[in-house]
Amino acid sequence: MAAIFLLWVIAEIAAIWAVASLVGFLATLGLLLAGALLGSWLARREGGKAARAVMDTARAGRAPHQEVTDSMLVGLGGLLIFVPGFVSDVAGLLLLLKPTRSVVRRAWMKRLQRRGPAMRPGFGGPRASSRVIVVDSEVVDEPGGPRDERRDPPQRPVIESE
């Protein structure tokens, strides 16, 4: 994870350096600010759409798996927009656009299905019928049967008064 973060920082610095050498320092700052403003507007718009889609699907009585995943990707895209840099802005904008978000969602869901616990035997997946369950238990006598005086002392009479 640290190596990925380091590579990301190096990519951001290289992208800012390249843009600044082409258009100048002030224009680079303007592009970064414009990307943040455009991205925040797009994140708010797409986030509202995603939230409405989750609510509509839940009201219809269906499981909103796709809509919740879209909402998470919109949130990640919005977060990437607010991180300064061109690489994160481009990645965030791609997550905020519906066509690219659906491609990312499908790839993410395929990966989760391959690696997720629902697909492993014994966790309710498609091969769950062949699972063996071992339960550690202890036998407890039923009421009225023989009593163990150490665990269950004899009952004393209860006297109630008014």
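Computed from the coordinates by the stated procedures, all read-outs in this text should not be read as laboratory data. Here the structure is a predicted model, which is why all the values come from computation and not from measurement. A quick note on method: Cβ atoms are made from the backbone with ideal geometry, for glycine too, and the neighbour counts reach across all protein chains shown.
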#### Entry: Dmax and Rg, reported as Rg then Dmax, of region 28-67 (C-alpha, Å)
15.1, 48
### Message
Can you give me the orientation-averaged projected area of the convex hull built on the Cα atoms of region 1-127, in nm²?
### Response
9.9 nm²
### Task
Can you check what the net charge comes to around R101, using other residues whose Cβ is under 14 Å from the Cβ of R101 (Lys, Arg +1; Asp, Glu -1)?
+2
### Task
For a quick protection proxy, order the peptides 88-98, 31-41, 17-27 by their average other-Cβ count within 10 Å, most packed first.
88-98, 31-41, 17-27
### Query
For D70, what is the net charge nearby, where nearby means another residue's Cβ is under 12 Å from its Cβ and Lys, Arg count +1, Asp, Glu -1?
+4
## Note on the structure
If each K or R counts +1 and each D or E counts -1, the residues other than W41 whose Cβ falls under 14 Å of its Cβ total +1
